[in-house]
Amino acid sequence: MRYAYYPGCSSDTTGKEYEATVRIVCKNLGIELVDIPDWSCCGATAAHGKSHLLNTALPARNLALAEEMGLDVVTPCAACYQQLATANKEMKENQQIAEKVNQATGKNYQGTIKVKSIVEVIGSLEPDIIKAQMVKPLKGLKIAAYYGCLMVRPPSVTGFDDAENPMFLDNLMRLAGAETMDWPHKTECCGGALQVSNEHIVVKLLDKIYKEALKSGANCMVAACPLCHFNLDGCQSTCNRLLGTTYEIPIFYFTQLLGLAMGLNQQELQFNSHFTDTRKVLKLVG
Amino acid sequence: MKRIGLFVCWCGSNIGGVVDVPRAVQEAGNFPGVAYATDYKYMCSEPGQDMIVKAIEEHNLDRVVVASCTPMLHEPTFRKTIARAGLNPYMFEMANIREQCSWVHSQEPEKATKKAIALIRRALAKVSKVEPLFESYIPLTKRTLVIGGGIAGIQAAIDIADNGHEVILLEREPTIGGKMVKLDKTFPTMDCSACISTPKMVQVAQHPNVKLMTYAELTEVNGYIGNFEVTIKQKARYVDHSVCTGCGICTEKCPTKVLSSYELGLGTRKAIYIEFPQAVPNKPVIDPENCRYLKTGKCGVCAKVCPTGAIDFEQKDEFITEKVGSIVVATGYDLFKWEEVYGEYGYGRYKDVITGLHFERMVNASGPTDGKIKRPSDGKEPKSVVFIKCVGSRDENKGKTYCSRACCMYTAKHAHQVLEKIPDSNAYIFYMDIRTPGKLYDEFYRRTALEGAQYIRGRVSKVYQSGDKLVVMGTDTLLGRPVQVEADMVVLATAMVPSEGADKTAQLVGISADKDGFFTEAHPKLRPVETMTGGVFLAGTCQGPKDIPDTVSQSSGAAAKVSALLSKDELATDPMISSINEKICSGCLACKAVCPYKAIEEKKISEKVRGKVVERVVASVNTGLCQGCGCCTVACRIGAANLKGYTNEQVIAEVDALCL
Amino acid sequence: MESIKVNQSIKNNNDFIEKISIESGQPVQQCYQCGKCTAGCPVAFAMDYTPNQIMRMVQFGMKEELLRSKAIWLCATCQTCTTRCPCNIELTKVMESLRIMADKEGTTPSGSAKNIKTFYDSFVGTIEKYGRAFEVAAMLQYNLNSKHFFNKAALGLPMLQKGKLKLSPSKVKNGSEIARIFSEVRRMEGEGE
């Protein structure tokens, strides 16, 4: 399996532990990631406020680069995935937009490749391939898997998992030996896009998510997007400060936990770069 | 010498607003054979028809063309008109310049007019070649098959039987009664449903003209109006109903309990069971999937305790053929499988999110909870109940596009029952609209609102389980605010869909269904109980969502149509059937192979050829069976098979008129 | 609260209604105001107009109120409304078109919504310059423009320590390609393409 890899702008900053563990896990599972040469920002959650054409052209440049490589694109960040997949759909279905975008990028994207989320790619492997790598089952972890709002919605753009009760992450975590909880806020938005400018709104959203995760019996959460992770992990203290709560829920990247089950050491997994303390929960793992 | 009368209709502005009718009359009036041409605003009206009759008499016309709407609507009308004037009714042709011209080309009047004239030219060419045709008569079977033993089928059966005709009432479940008998109380009168339907169930079962066949299914239908031959599979009951007294000891002693699908999984029944205490027939059947004896050869307790020896494990399915003259389809409805698509309401994972029918079974005094409203999860009485309407209805995204018609009323009823039965309770109803079109309906709903049912205008986005409560995320669009309710139970008013297996029934009987699977009526306004298949009628929710009053009305309507059909002693057959020109028929019998009605036979004829008598085989049409489909005329290479009313010569004349 | 003169509101703003319909690609007239969007919107509680009210205002052509609203900026593009709308309307796209129109016409939203726009501008500004988002610069620019000078300051140091912030940008090599995208988009949109 070879894919054109789109790391996204947070790969060397807020999402650096995700980036590192994605690469190790993929290598161990036989998924070859070929970086898109000279990739550029997809527009993230900001460009849609400036111009629709810009919001499509920025990701489309990367699609064209990947098409030149002759490979489908895979990306670990859910926001990048939504941007790239939406642009891909529009380029394929709307000739008018496609012409304008190609004019803007100076490239000639023909719409021949697919865009996939890293969760879809890893989650679609034969379970035996993954089980073969699991040497340290994560017993003791009770995980509320958080998918975020952009990875599985809307179904017309994403479509690889159920939009209301997705299970890809849950299944992967179960293969790693952990227990996953059936909880109702898997896809409830955490407000990541508003994090910088409107903290007071975001903490209310976070509060709802943490509350339901704990109610379901979870002792930690798993995320698959650097924006979600930064919000849930980095802003947990802000939430406690502004709302007077006392949440202490570690948020892991799913690739960190897969790596842990594969036997990687704590340094490789970079747990200490989280804001919320992960040590208590990690002790529960045998 | 042919003398054709041409009558072009304006149909108000339907045709006249697009097609230049006077010009059509003028140009077409010049075509060969036209002895008289005129136009009128509404040709099908009485003055219009009288105009035709007068013209035939005054101008000595021997055949007529009417250029107006679709023959499906008024061909019979105008045939009767010219018959009144003394002409053979088949000396007639229609040109459809409405549905096939003015209605679809309304933006291009010039082209539409040219097309109308071409269509008239075709009709004139055809009518020049027609010959008088005469109907023949065949006997009909004065018996009706009613498919479905719910209130629709029961009412139709009673009405037809009261009219003196025999009825076979066919029901695939062990008992008749359908969905209505599962309900508790019915709006707007709050009559106990079982109290009003069980007398009818008994009435139909005891009616001397009704043969009740329960636990039986339709497997084949052959024939046509007046002369159907149907095959019914009587499923093995493993109980001899002619000996069984319905004492019920077997059901007490049976050791196997299974979840009852009748109780929608809320209660249990035994492997030998009577569906509910008032079932008709009130005798048990054995479920072969769960009976220990039938599966493993062990047990047989029921046979041991039965005082009359009615248990018969050797029983087999039986196939019975019956002749009937008409069929009434009353197969009813099922509820939309919301658990498969509404993930935002939990995909069925939350035990306390139920459907309206579940609620009915619970609140029903003879139901699985003895009439107590209880949370399925822990059996506690819910204090706050949320009702969500339009689940699966009016939803282009993942449900049905239509409105299911009964939900606004039954939700109001349910809210009333919650407030009445549970002290200090709250009922919240999330709605988009409140549709109460029937008699005393709006008053009924208003009373529930005054009683304390809280109506909140807005659809619910999500319901989720939080601890032992259900959180409902809704909105009040009238206030413009998102709204949240913590509920103990949520009841979904789910869409009504055609009952399981309706598509197979449609195929067997030969009727069509619409995009949602509901059977198609012959005309949505004027012929709501007939289908396009002669002799087959519709009643109840299988034709479209409706409530009980409308169902019963429709059933009586279907019964009236059936009675009209069966009031005749003979059926006039359509004279537009095939005939074989024996002179040129080579006897290849290709026509016999393609005839779907098995209407063609071999026939031996003798002819004199050069003084010698020669015997040869030709094809022969059975005029009683032929339905005039025309397949034989296509298969016949020489053209010996010709369809009266659509002869080869007539068709070629039409083609020439249009193309040359 | 003034009475809406419906004939005028719809007639005078028909161009606006059409423009939003075409740019978003959504059949705005089909919305039957069921409110499911509002019911599921995570930020509806903070909005001045709820999502279904925004749609209603579009149907009535109330351009001024719409472009000045906070709601269109508070929208977090979480796709909940789009996923669940029974009329298959992608409300996210309608919100997007309204945002962009407000931005182009220079209408500044009030209060917290203004900061959102400021953040988008700062962020996209770094994309234009470097081809990749440069968080530190975007943050500093935002703090300056929004006058929330110490916004997120407490996080800044720990992030640097954990290696989650870089003080220098990652740049795209072919910066000219990025510059081309921005200039071409400006040109095409300026020419009303």
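Structure notes:
- Remark: region A:50-58, residue by residue, has Karplus-estimated 3J(HN,Hα) of 9, 6, 5, 5, 4, 5, 8, 5, 4 Hz, where x stands for each Gly or Pro and the curve is 6.51 cos²θ - 1.76 cosθ + 1.60 at θ = phi - 60°.
- Per-residue mean of C-beta atoms belonging to partner chains within 10 Å, peptide B:345-358: 1
- With the highest mean first, a sort of the peptides B:107-114, B:560-567 on other beta-carbon atoms found within 10 angstrom per residue produces B:560-567, B:107-114.
- DSSP bridge orientation in the protein assembly as shown - percent antiparallel, rounded to nearest 5: 45
- Summing +1 for each Lys or Arg and -1 for each Asp or Glu among the other residues whose beta-carbon sits under 14 angstrom from that of C:Ile178 gives +4.
- Residues whose amide H lies under 5 Å from that of B:Ser384, counting only those 5 or more places away or on a different chain, are B:Asn426, B:Asp488, B:Met489; hydrogens are built 1.01 Å from N in the peptide plane.
- Relative contact order of region C:6-104, defined on C-alpha pairs under 8 angstrom at six or more residues apart (%): 35
- Counting, for every residue in C:110-120, the Cβ atoms of other protein chains within 10 Å of its Cβ and taking the mean gives 4.
- Packing-based order for B:331-341, C:38-48, using average beta carbon neighbours within 10 Å, highest first: C:38-48, B:331-341
- From least to most packed, judged by other beta carbons within 10 angstrom and beginning with the fewest, B:Met43, B:Met432 follow the order B:Met432, B:Met43.
- Whole-Hz ³J(HN,Hα) from phi, Karplus 6.51 cos²θ - 1.76 cosθ + 1.60, for region B:176-192, glycine and proline x: 7, x, x, 6, 4, 6, 7, 6, 8, 10, 10, 7, x, 8, 6, 5, 5
- Surrounding net charge for B:Leu133, when Lys and Arg each add one and Asp and Glu each subtract one, Cβ distance under 10 Å: -2
- Theoretical FRET efficiency, 1/(1+(r/R0)^6), r = Cβ-Cβ of B:Glu486 and A:Asp182, R0 22 Å, to 0.05: 0.70
- Between B:Ile311 and B:Asp240, the built amide H atoms are under 5 Å apart, and every one of these is 5 or more places off in sequence or on another chain.
- For the protein assembly as shown, diffusion coefficient by Stokes-Einstein and Kirkwood Rh (Cα), 25 °C, 0.890 mPa s, µm²/s: 69
- The length gained on full extension between B:Arg447 and B:Asp370, counted as 0.36 nm times the residue separation minus their Cα-Cα distance, comes to 25.1 nm.
- Estimated FRET transfer efficiency when R0 is 30 angstrom, pair C:Glu105-C:Lys129 (beta carbons, to 0.05): 0.75
- Built amide H within the under 5 Å cut-off of B:Val280, gap 5+: B:Ile176
- Shape box of chain B [Cα atoms, principal axes, largest first, Å]: 92, 69, 40
- In sequence order, region B:380-386 has phi-based couplings of 7, 6, x, 9, 10, 10, 9 Hz under the Karplus curve 6.51 cos²θ - 1.76 cosθ + 1.60, θ = phi - 60°, and Gly or Pro positions carry x.
- As a rough guide to protection, the peptides A:75-83, A:51-59 ranked by mean Cβ packing within 10 Å, highest first, stand as A:75-83, A:51-59.
- For residues of B:460-471, the mean tally of beta carbons on other chains within 10 Å: 5
- Within the shell defined by Cβ-Cβ distances under 9 Å, the residues around C:Thr83 carry a net charge of 0, with Lys and Arg each +1 and Asp and Glu each -1.
Laboratory data are not the source of any read-out in this text; all were calculated from the coordinates shown. None of these values were measured; they are calculated from a predicted model. When we count neighbours, we look across all protein chains shown, and the Cβ atoms used for this are built from the backbone with ideal geometry, even at glycine.
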